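What follows is one structure encoded as structure tokens, with my remarks underneath.
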Amino acid sequence: MKRRPCLLFALLLLMAGTAFAQRQTRVGLGFNALLTTAEGLGLGVRARAAAPVSADLSLAVDLGFTGFIFRGRDEASYVFDPQLSAIVTFPPRERQAFYILGGVGAYAPLSDRYRGESGPTVHFGFGWVQLLRETQVFYEINPALVVGERSVDVVLPLRVGVIF
């Protein structure tokens with residue numbers, strides 16, 4: 001029963017990916033430190049594809065994977081957290097630009113050891129991009145609420161990466 005929302009979200013990601021193929025898509029790869037109310041600190045990786053809708057607005061698909069490994073391999077837990085986001089980028093100043101993002105996602109533990117909630121997420125955050133020559137470096141804070149069956153958990157990711 002818990003897998004149905006994840007399957008539906010995977011179908012939405014596939015449909016969004018098909019739509020992105022028709023636009024000039026930017027791809028970002030990064031790392032995150034994820035702080036949760038249930039598991040503490042985890043480390044992860046993230047990939048994002050974003051397609052412009054206008055000069056200021058982009059739609060993005062994110063795929064994230066985080067491991068809570070600081071209790072050792074035997075007690076480690078892992079989560080998969082894809083997101084669909086709208087990103088509004090403000091006019092750049094010098095070689096930096098500020099942006100806000102928000103949207104929906106899923107929070108799916110990949111092991112039975114995870115002690116927190118799983119389910120749909122709602123997220124809203126902000127970040128900065130630093131323009132280099134051909135790529136950009138991004139820094140981002142994107143808190144999310146995980147709406148579980150019994151309660152709501154808060155997750156706070158801090159992300160850094162490169163946009164191609």
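So for segment 122-136 (the condition being free of Cβ contacts under 8 Å to residues at least 60 places away in the same chain, over 19 Å from Ala47 (Cα atoms), of a type in the set (Ser, Thr, Tyr) and open to solvent by 10 Å² or more (accessible area, probe 1.4 Å)), does at least one residue qualify?
No, segment 122-136 has no match at all.
Of all residues in segment 127-160, how many are more than 12 Å from the chain's Cα centre (by Cα) and within 29 Å of Pro92 (Cα to Cα)? Steps first, please.
Initially, segment 127-160 is screened for residues more than 12 Å from the chain's Cα centre (by Cα), giving 127-139, 145-154.
Now drop any that are not within 29 Å of Pro92 (Cα to Cα), which leaves 127-139.
Of the residues in that region, 13 qualify.
Give the residue, chosen from Leu63, Leu43, Leu34, Leu29, that is under 15 Å from the mean Cα position of the chain (by Cα) and crowded, with 18+ Cβ neighbours inside 10 Å.
Working: Leu63 fails: crowded, with 18+ Cβ neighbours inside 10 Å; Leu43 fails: crowded, with 18+ Cβ neighbours inside 10 Å; Leu29 fails: crowded, with 18+ Cβ neighbours inside 10 Å.
The conditions single out Leu34.
Would you point out which residue out of Glu117, Glu75, Glu94 is farther than 20 Å from Leu43 by Cβ, open to solvent by 70 Å² or more (accessible area, probe 1.4 Å) and acidic (Asp, Glu)? Full working, then the answer.
Values: Glu117 fails: open to solvent by 70 Å² or more (accessible area, probe 1.4 Å); Glu75 fails: farther than 20 Å from Leu43 by Cβ.
None of the others qualify; the one that does is Glu94.
Taking segment 139-160 as the search range and keeping residues that are crowded, with 19+ Cβ neighbours inside 10 Å and of a type outside the set (Lys, Arg), which one is nearest to Val45 (Cα to Cα)? Before the answer, list the steps.
Taking segment 139-160 first, the residues crowded, with 19+ Cβ neighbours inside 10 Å are 140, 142, 144, 146, 153, 155, 157, 159.
Still in the list and also of a type outside the set (Lys, Arg): 140, 142, 144, 146, 153, 155, 157.
Details: Glu140: 13, Asn142: 14, Ala144: 17, Val146: 19, Asp153: 21, Val155: 15, Pro157: 11 Å.
Among them, the one singled out is Pro157.
The values are calculated or read from the model by the stated rules, or taken from the named source; none is laboratory data. In this text the structure is predicted, and so the values were computed from the model without any measurement. All Cβ positions, even for glycine, are placed from backbone atoms using ideal geometry, and neighbour counts span all protein chains on display. In case anyone asks, the SASA skips ligands and DNA or RNA and just uses the protein heavy atoms, side chains included. Shrake-Rupley method; radii C 1.70, N 1.55, O 1.52, S 1.80 Å.
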